[in-house]
1. Specify the residue that is nearest to Phe371 (Cα to Cα); the eligible residues are those in region 306-320 that are of a type in the set (A, V, I, L, M, F, W, C) and assigned to a helix (DSSP H, G or I).
2. Tell me which of these Lys325 doesn't satisfy, since it passes every other one: (1) within 13 Å of the chain's Cα centre (by Cα); (2) under 20 Å from His406 (Cβ atoms); (3) buried (at least 20 other Cβ atoms within 10 Å of the Cβ); (4) not small (Gly, Ala, Ser).
3. If you take the residues in region 148-171 that are surrounded by fewer than 16 Cβ atoms within 10 Å (Cβ to Cβ) and among the β-branched types (Val, Ile, Thr), which one is modelled with the lowest pLDDT?
4. Please name all residue pairs, on different chains or six or more residues apart, with Cβ atoms under 6 Å, provided the first residue is in region 110-136 and is in contact (Cβ under 8 Å) with a residue 60 or more places away in the chain and open to solvent by 10 Å² or more (accessible area, probe 1.4 Å) and the second residue is in a loop (DSSP other than H, G, I, E, B) and of a type in the set (Phe, Trp, Tyr).
5. Identify the residue in region 234-249 that is assigned to a helix (DSSP H, G or I), acidic (Asp, Glu) and open to solvent by less than 10 Å² (accessible area, probe 1.4 Å) and, among all such residues, is nearest to Arg170 (Cα to Cα).
6. Take Phe280 and decide whether it is open to solvent by 30 Å² or more (accessible area, probe 1.4 Å), farther than 27 Å from Ala219 by Cβ and not β-branched (Val, Ile, Thr).
7. Among Ile267, Ile256, Ile226, which is free of Cβ contacts under 8 Å to residues at least 40 places away in the same chain and either of a type in the set (A, V, I, L, M) or open to solvent by less than 10 Å² (accessible area, probe 1.4 Å) (or both)?
8. Looking at region 137-147, which of its residues are in contact (Cβ under 8 Å) with a residue 60 or more places away in the chain and open to solvent by less than 30 Å² (accessible area, probe 1.4 Å)?
Amino acid sequence: MFKKVFSKLPKKSQKSSENREQGGTPRSHGVSTSKNSENITQQGSNKTGNSSTSSSLNVGQGQYNNNHGNKGSSLPLFVNENSNGNFNSYEALPAFRDVPNSEKPSLFIKKLKMCSVVFDFTDPTKHLKEKEIKRQTLVELVDYVSSVNAKFTENVMQEVVKTVSANIFRTLSPQPRENKLVDGLEVEEEEPSMDPSWPHLQVVYELFLRFVASPELDAKLAKRFIDQSFILRLLDLFDSEDSREREYLKMTLHRIYGKLMAHRPFIRKSINNTFLNFIFETEKHNGIAEFLEILGSIINGFALPLKEEHKLFLVRILIPLHKPKCLAMYHQQLSYCITQFVEKDCKLADTIIRGLLKYWPITNSSKEVMFLSELEEVLEATQPPEFQRCMVLLFHRVAHCLTSPHFQVAERALFLWNNDHIVNLIKQNCKVILPIMFPALERNIKTHWNQAVHSLTLNVQKIFHDFDPDLYKECLQKFEQDESKEGEVTAGREATWRRLEELAAKKATSSEAVLVGKALTRKSAG
């Protein structure tokens, strides 16, 4: 059921999906919950020795919390590091299949404590044996959580959260990126940063994801350990540069949102705060697309009529998210959220269209193409009453896009007439829209440099002519009159300049200023 919800969400652009190839998609992430532990074992073992290219974990490296003592156990759980940087003892615990069922819960806790040790992955040659023991132990824990058939106790919940926290919570530092020169221009390297500790981190995330999704987890008890402080730290990790980690975080946070209902308002509020900081302060965050994917499925489940809180979220967060320059990184997900609101409540179409016009890009052609694409999706769900409220402002902007010298902008604007629903809306309001659009259509036919734009303009012009031939003739007469008046104004302006040049030539030998009388100015202006 959970994967079906995410399958409806828009995915990132092709470039983004290529960067995510190893992390997967929402329907097939890293090691999905449907895969067995053999996949995890194989993936981890393939990556263990190849981990020297990115950032390292920097929380408690090689350390162990003595509060997690091994009470009453003869097995060596305490891990100490001597002055040479080597561990005195880190031995594997017995496998679950080798102990009686009655001892499995206590062995599970011991293995969790053992996996709270965090190693330094910046040096791929250090602690190889210990790292492999830990990875295998984590895989065993994933299997156990997936197959357990008894309710998790408070002690188990506490230890799981402690182990997960020790491994995943760390300071995220931006990685240095190499720049390349292309045709003399410096271009930033687009390859994503990969965490060298991912072979272990992935299994930790898989463990926690299965733990949260497990039917044996009591939500009322779990909310005491997966508390607001834990959630805030989890949200901070969404700024990770590793797309594989963000994919797991997205799946995990959505599970928490669905299961721990008491935390839902807090999660929404915290994500909103991240958005506000991104929009109005930094314009830098790696996880905006993932947040929007989560919110897309949440919006899809909003009950009708929409609460005022949700409408404010649309106006104060989603619409201003069109402002940042890096819109392309998350535009598909944002557009999906916007259209979800229109489909939920068609009366919001006017608010959304006016919001798009408010943040419409003036000098960024690629953003303008994205806005036009989103506008088409919104108009497709717009009803005639809402369309009539904003059509004048809207088609003044469309007319401006139509005459854009950037052929992709002009072409995308003309594609609006390929949508039957939009054409029907235009037909119903042709008497208002055609006078606005006619000058732009005529100028395109006469002066636009691109042949494709020229052909599309002729098609749109024919559509308008078929709607109302009489109105089309009236608009043509008015356009010719306006062109004639504009020609007179241009001729008067040129006459004024010639008069100024003549006066300047006569006074060239003297120091007298050249004055132009008011009568001359009025005459040239008329």
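1. Within region 306-320, the match that is nearest to Phe371 (Cα to Cα) is Leu318.
2. (3)
3. The residue in question is Thr171.
4. His127/Phe119
5. My answer is Glu245.
6. yes
7. Ile267
8. Leu138, Val139, Leu141, Val142, Val145
The values are calculated or read from the model by the stated rules, or taken from the named source; none is laboratory data. Because the structure is predicted, anything quoted here is derived from the model rather than measured. Don't worry about glycine lacking a Cβ; one is built from the backbone with ideal geometry, like all the others, and counts go over all protein chains shown. We work out accessible area using only protein heavy atoms, side chains counted, and drop any ligands, DNA or RNA first. Shrake-Rupley method; radii C 1.70, N 1.55, O 1.52, S 1.80 Å.
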